[in-house]
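Notes to accompany the following structure.
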Amino acid sequence: MILFWQLAGFEYRKMLRKKSILLGLILAFLLSLINGWGILIGNHYMNGEVFESNYDAMIKDRTYARSLAGRPVDTELILAASQAYAQIPGSAQYQNTEAYQTFARPYSEIYSLTRTIYNTESRRFNMEDFQKLTEAQAGNFYTIRGERLAQVIEQSRMSEHAKKEVLALDNQVQAPFIYSYTDGYTRFFTMMYITGLIAAFFTAICTAPLFSGEYACRADQLILTSKHGKGRLIGAKLFTGFSAAAGLAITFTLVSYLQCMLTFGFDGGNAPLQLYMPMCSYPLTLGQTALLLSASVLCACLFTAAVTMLLSARFRSPFAVIVLTGLLLLVPMFTNVSEANLLLYNLVHLLPTNMLVFKNVTSLIQYEFLGLVLRPYIFLPLFGAAASVLLTPLAYRSFRNHQIT
């Protein structure tokens with residue numbers, strides 16, 4: 001066992017001695033930090049003059065949101081927000097008015113939440129509608145939400161069994177929602193797509209030379225004829241690839257999480273997911289959702305590592321491996337499959353890149369297999385982990401059975 005760890009350590013030393021890897025790692029972290037803080041750069045202008053910086057706006061909105069934290073999103077709160085908005089004079093740029101800044105802005109998140117529920121396919125619910133909201137309309141907030149959600153689920157191509165499962169989950173969602181400031185978590189959800197892509201691309205760069213690099217420098221002849229070349233060394237290489245992928249995914253995720261929490265605030269971990277996605281049926285908190293998304297990102301990186309190492313064992317050029325893995329990660333970004341073709345829709349979402357997307361992890365479309373109905377936030381990580389396990393022996397045999405020339 002000591003020999004195995006020595007071999008794995010040797011593989012890590014080879015990887016980390018490359019200046020391109022170290023420079024790439026530094027660049028990746030810088031991109032991750034920019035991804036998190038980029039939204040705070042710049043200013044908001046009013047009448048051609050700087051009104052406030054984006055950072056100051058975040059601080060102000062956080063203060064307003066925290067003042068409402070703990071209150072139920074019920075008729076009383078919705079009407080209070082409506083009455084505050086009613087003080088805004090008619091204006092296309094109503095956010096630039098003093099009335100908005102003074103009275104309505106503290107309730108802007110309540111307006112956004114309400115608008116999502118009252119919007120329909122035939123008519124958008126706008127600020128003027130919110131200003132005239134009646135007590136009866138405010139009281140029907142959860143009834144309207146339930147009806148709209150049931151309609152969306154009924155119109156999907158899922159089986160009747162899956163539809164009933166999703167509706168049953170929504171019955172577990174507690175109402176009324178308890179409001180909380182959530183920007184730390186919602187920013188984390190938004191930036192994890194880019195963070196996950198950075199981790200996946202860097203995983204490909206680190207693992208591509210594990211096998212093909214030996215072909216390129218002709219070291220395969222020495223390795224495959226050595227005592228441990230067809231056994232422990234291959235296992236050490238595979239361990240190095242998967243552990244590097246896991247380390248990168250966990251590190252980048254933790255950096256992004258702490259960056260969001262330390263910048264925007266740790267509030268909202270116990271808040272319902274519906275404050276961010278009102279039409280979602282999952283009885284999850286934002287903290288639980290963050291953990292599930294992180295698991296999906298981790299398994300996507302492991303899946304990427306497995307594919308990269310399989311290609312590395314088959315191709316003689318690390319560059320070719322990086323190109324092919326890069327295409328695997330890039331092509332899904334430009335591919336859109338309609339839910340009308342449910343099978344293809346679900347299959348496309350199993351690609352590593354699509355496993356990083358928050359809306360895919362929390363999609364209402366379920367995975368159905370042999371009568372089982374599996375949530376996407378459960379099935380996507382499981383599939384990524386299972387695919388990694390299945391591809392590992394293929395990579396092992398490909399290098400072990402390589403013909404020395």
Notebook entry, point to check: Any idea which of (1) surrounded by 21 or more Cβ atoms within 10 Å (Cβ to Cβ); (2) in a loop (DSSP other than H, G, I, E, B); (3) over 25 Å from the mean Cα position of the chain (by Cα) is the one Ser180 doesn't satisfy?
Noted result: (3)
Next item on the list: Might you let me know whether the range 62-76 holds any residue that is over 27 Å from Glu135 (Cβ atoms) and buried (at least 16 other Cβ atoms within 10 Å of the Cβ)?
Entry: yes
Next item on the list: Report yes if Arg400 is surrounded by fewer than 18 Cβ atoms within 10 Å (Cβ to Cβ) and either of a type outside the set (A, V, I, L, M) or over 12 Å from Ser296 (Cβ atoms) (or both), otherwise no.
Entry: yes
Notebook entry, point to check: Checking Ala340 against (1) within 30 Å of Thr182 (Cβ to Cβ); (2) touching a residue at least 60 places away in the same chain (Cβ under 8 Å); (3) not in a helix (DSSP H, G or I), which test does it fail?
Noted result: (1)
Notebook entry, point to check: When you look at Arg115, is it surrounded by 14 or more Cβ atoms within 10 Å (Cβ to Cβ), in contact (Cβ under 8 Å) with a residue 40 or more places away in the chain, in a helix (DSSP H, G or I) and under 26 Å from the mean Cα position of the chain (by Cα), yes or no?
Noted result: no
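From the list Ser32, Ser20, which residue is among the polar types (S, T, N, Q), loosely packed, with under 11 Cβ neighbours inside 10 Å and assigned by TED's automatic domain parsing to the domain that holds Ala199?
Ser20
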Notebook entry, point to check: Taking interchain pairs and intrachain pairs at least six residues apart, which have beta carbon atoms under 6 angstrom, with the first residue in the range 43-54 and free of Cβ contacts under 8 Å to residues at least 60 places away in the same chain and the second of a type in the set (A, V, I, L, M)?
Noted result: Asn43/Val50; His44/Ala57; Asn54/Leu40
Check: Which condition number does Leu351 fail, the rest of (1) assigned to a helix (DSSP H, G or I); (2) aliphatic (A, V, I, L, M); (3) within 22 Å of Thr325 (Cβ to Cβ) being met?
Finding: (1)
Next item on the list: Please indicate, with yes or no, whether at least one residue in the range 315-330 is exposed (fewer than 15 other Cβ atoms within 10 Å of the Cβ), out of contact with any Cys (no Cβ under 6 Å at 6 or more places or on another chain) and part of a loop (DSSP other than H, G, I, E, B).
Entry: no
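The values are calculated or read from the model by the stated rules, or taken from the named source; none is laboratory data. As the structure is a computational prediction, the values presented were derived from the model and not from experiment. With ideal geometry, Cβ positions are generated from the backbone for all residues, glycine too; neighbour counts draw on all protein chains shown.
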